[in-house]
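Notes follow once the structure below has been shown.
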Amino acid sequence: MSTSGLTIVNFLVTHRLAWHEVQVIRTSPDFFLRGATTVQTRDGRSLTALVTTANYAMWRGESFRDHGEDLRSGGRPAHAAIDAHRRYLAGEFGR
């Protein structure tokens, strides 16, 4: 993540997105991807960063409790991405 955009790295594919391509960032509602950071792009794609699920929290040095009681609240990666997108929308990164 940077002022120019974000990168989603999964096991076999990497997606690089400029901020203007991002519609919304949220946590996944999918049961098996609980708490994962999901990016909805302006062209309709939905990209999920698999290692941001609650299952991987301990490997990231976080507590799974950061994802809330139901493990769907999103941990540090989701909150950081959402905050960065809000800052982009507010004009902090330039356009």
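Exactly one residue out of T52, T14, T27 is under 24 Å from T3 (Cα atoms), more than 10 Å from the chain's Cα centre (by Cα) and of a type in the set (V, I, T): that is T14.
Of everything in the range 18-47 that is touching a Ser or Thr at 6+ places or on another chain (Cβ under 9 Å) and part of a loop (DSSP other than H, G, I, E, B), the residue that is surrounded by the most Cβ atoms within 10 Å (Cβ to Cβ) is A36. Once the range 48-69 is narrowed to residues that are among the acidic types (D, E) and not in a helix (DSSP H, G or I), the residue that is modelled with the highest pLDDT is E62.
What is the residue count in the range 3-17 for residues that are within 18 Å of G91 (Cβ to Cβ) and either loosely packed, with under 10 Cβ neighbours inside 10 Å or not small (G, A, S) (or both)?
Within the range 3-17, residues that are within 18 Å of G91 (Cβ to Cβ) and either loosely packed, with under 10 Cβ neighbours inside 10 Å or not small (G, A, S) (or both) number 2.
Here is a check on your reading of the model: is V51 β-branched (V, I, T), touching a His at 6+ places or on another chain (Cβ under 9 Å) and touching a residue at least 24 places away in the same chain (Cβ under 8 Å)? No. Give me the pairs: first residue in the range 83-94 and more than 10 Å from W19 (Cβ to Cβ) and surrounded by 15 or more Cβ atoms within 10 Å (Cβ to Cβ), second residue charged (D, E, K, R) and modelled with pLDDT under 95, beta-carbon distance under 6 Å, and six or more apart or on different chains, which are they? Correct list of pairs: empty, since none qualify.
The values are calculated or read from the model by the stated rules, or taken from the named source; none is laboratory data. Remember, predicted model here, so these are calculated numbers, not experimental data. Here Cβ is always computed from backbone atoms with ideal geometry, including for glycine, and neighbour counts include all displayed protein chains.
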